[in-house]
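Working notes, beginning with the structure itself.
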Amino acid sequence: TVELDQSKVGRLSRLDALQQQAMAQASSEAHQQQLGKIHRAMQKIEEGEYGYCEECGEAIPFARLQIQPESDFCVECLQALEDAG
């Protein structure tokens, strides 16, 4: 027969709770960042600067803005920035 070590079950429960707490915090931070991007996009709309790439200054294609309305960069500039590091 195998005996269940209750002290290990308690540790696993605590580790699981800590992991769930960390995941909830990461999710909350991601939502806050997304909300900040949306607020910046709304500010750009009010200032008449919405829809232009922050790197090259060209208009961001409408199809990209439909998919990701808070985009700050055109696809080419975003790819170059990601490749750079």
### Summary
Result for the chain: accessible area per residue, probe 1.4 angstrom, in square angstrom, of 83
### Task
Tell me the label-point distance for the pair Glu29, Glu70, using the 7 Å Cα-to-Cβ offset, in nm and rounded to one decimal.
1.5
### Message
Under 5 Å between amide hydrogens, which residues at least 5 positions from Tyr52 or on another chain qualify, with H placed 1.01 Å from N in the peptide plane?
### Response
Ile60
### Message
In whole Hz and in residue order, list the ³J(HN,Hα) couplings for region 29-44 that follow from phi through the Karplus curve 6.51 cos²θ - 1.76 cosθ + 1.60, θ = phi - 60°; x for Gly and Pro.
### Response
5, 5, 5, 5, 5, 4, 4, x, 5, 5, 4, 5, 4, 5, 5, 5
### Task
With the full set of protein chains in place, find how many percent of the accessible area of the chain is carbon and sulfur; take the probe as 1.4 Å.
54
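Which value, in debye to the nearest 20, gives the size of the charge dipole of the chain about its Cα centre, when Lys and Arg are +1 and Asp and Glu are -1 at the Cβ?
Details: 7 positive and 15 negative charges, 112 e Å.
About 540 debye.
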### Message
For Cα pairs less than 8 Å apart in space and 6+ apart in sequence, what is the mean separation divided by the residue count of the chain, i.e. the relative contact order in percent?
### Response
20
### Query
With the calculation restricted to Cα positions, what are the radius of gyration and Dmax of region 10-80 in angstrom?
18.0, 57
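The values are calculated or read from the model by the stated rules, or taken from the named source; none is laboratory data. Worth saying up front: this structure is predicted, and the values here are computed from it rather than measured. Methodologically, a virtual Cβ is constructed for each residue, glycine included, from the backbone with ideal geometry; neighbour enumeration extends over all protein chains shown. Keep in mind that these areas ignore ligands, DNA and RNA; they rest on the heavy atoms of the full protein, side chains included. Shrake-Rupley method; radii C 1.70, N 1.55, O 1.52, S 1.80 Å.
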